[in-house]
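Take a look at the structure below.
None of the figures in this text is laboratory data; all of them are computed from the coordinates on show. In this text the structure is predicted, and so the values were computed from the model without any measurement. Quick reminder, even Gly has a Cβ in these numbers, built from the backbone with ideal geometry, and neighbours come from all protein chains shown.
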Amino acid sequence: MRPFPPWARWPTGLRSKSAQRCSQAVVDAFFLPTPQGERFCLLHVPPAGQPCRGAVLYIHPLAEELNRCRRMASLQARALARCGFAVLQMDLLGCGDSFGDFSDATWDAWLSDVGAGRQWLAQRYDAPLWLWGVRAGCLLAAASTRQQPDVPARLLMWQPVVAGRQHLQQFLRLRQMAEVVQGGGKVGTDALLKQLEQGQAVEVAGYALAPGLAQGLAEATLDALVNVRQVVCLEVVAPGQAQGYTASPALAAQIQRWTSAGIAAQTTAVEGEAFWQLPEAQLCTALVDATVAALVDA
């Protein structure tokens with residue numbers, strides 16, 4: 001078995017309030033076999049003898065955001081495990097220590113990975129299932145409910161991406177910005193989108209984005225959840241802005257649509273740094289505490 005990657009270790013000297021008040025948990029690293037190769041997984045297990053409150057599948061964000069969220073995801077997974085949740089973190093195809101290159105990744109393959117994670121958890125834990133998406137991972141979580149409509153799930157969303165097409169365009173703009181900094185010719189997002197539509201991969205910030213991933217992302221939305229009874233959205237805002245927080249118009253409209261469909265949906269803001277955007281690892285323990293509280297009280 002490969003050794004633990006550095007990001008999987010508990011950040012020295014840091015414990016959130018929730019982690020402090022909960023019991024010790026354990027973590028196991030393994031490779032989950034799938035038809036398209038092995039996926040690296042970390043399973044955070046509740047303390048021995050403690051009833052399992054729920055099973056949580058972590059669905060990571062896209063490209064570099066994945067790396068920037070690793071420490072927070074690890075911190076959160078361990079805090080949840082200490083409070084009685086079994087948490088499975090999986091590197092999707094072409095990401096982290098899983099099989100394949102990023103250029104191999106397609107939206108359908110990632111959905112298949114999410115399905116494999118759900119099935120693995122369901123076979124081991126007779127407990128409510130939570131799909132925990134971060135950024136674009138929220139879109140995958142939503143799509144997964146449509147792909148597996150017979151299995152009820154609850155959704156936990158961190159800083160959700162509401163529209164996949166807009167997220168794709170923002171990602172492609174990184175290529176524009178890099179070329180401007182390097183003094184090269186500026187390539188517009190329309191040209192890059194056309195290249196993808198013609199079946200050609202596009203390199204952005206060191207990631208070879210395949211047409212099969214770009215197309216699925218562009219078509220992804222948070223609408224039409226299936227067999228979902230609850231959605232918890234948590235957003236991070238700058239210090240001093242949590243009081244009086246209102247969700248963005250797009251997210252507020254989405255929550256209204258969920259509510260109209262009979263889903264208990266809520267959004268809450270906590271103060272902290274936008275860790276998914278920052279090259280240096282940043283932690284937001286207020287988000288960890290809010291997440292634990294939301295799931296324990298669900």
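Restricting the calculation to Cα atoms, every distinct pair contributes to the Kirkwood radius of the chain, found to be 19.6 Å. Every helix of 4 or more DSSP H residues in the chain counts as -39500 (n - 2.57), and over all residues that averages to -11500 deg cm²/dmol at 222 nm. For Tyr207, no residue has an amide H sitting under 5 Å from its own, ignoring neighbours fewer than 5 places away on the same chain, with H placed 1.01 Å from N.
Tell me which trypsin sites (Lys or Arg not before Pro) from region 172-251 have a DSSP coil assignment and no more than 15 other beta carbons within 10 Å of their own.
On the way: sites: Arg173, Arg175, Lys186, Lys194, Arg229; in loops: Lys186.
Answer in residue order: Lys186.
Simple spin-label estimate for Asp97 and Ala264 gives 3.7 nm between the two label positions (7 Å along the Cα-to-Cβ direction from each Cα). Database remark: amide H of Ala220 closer than 5 angstrom to the amide H of Gly164, Arg165 (H placed geometrically; neighbours at sequence offset of 5 or more, or on other chains; Pro and chain starts carry no H). Considering only Cα atoms, the convex hull volume of region 179-298 works out to 176 Å³ per residue. For the chain, the longest principal axis of the alpha carbon atoms and the long axis of helix 285-297 meet at an angle near 60°.
Of all DSSP bridge pairs formed entirely within the chain, close to 35 percent run antiparallel. Between region 213-236 and region 39-66, the C-alpha centres lie 19 angstrom from each other.
A cut-off under 11 angstrom between Cβ atoms defines the neighbours of Leu43, and their net charge, with Lys, Arg +1 and Asp, Glu -1, is 0. As a rough guide to protection, the peptides 246-256, 138-148, 65-75 ranked by mean Cβ packing within 10 Å, highest first, stand as 138-148, 65-75, 246-256.
Please check: in the Gaussian network model of the chain (C-alpha springs, under 10 Å), which one of Gln76, Gln24, Gln170 has the largest mean-square fluctuation. Result for the chain, Cα springs under 10 Å: Gln170 fluctuates most.
To the nearest ten degrees, helix 249-260 and the longest principal axis of the Cα atoms of the chain are 50 degrees apart.
Counting only DSSP beta bridges whose two residues both lie in region 129-213, roughly 40 percent are antiparallel.
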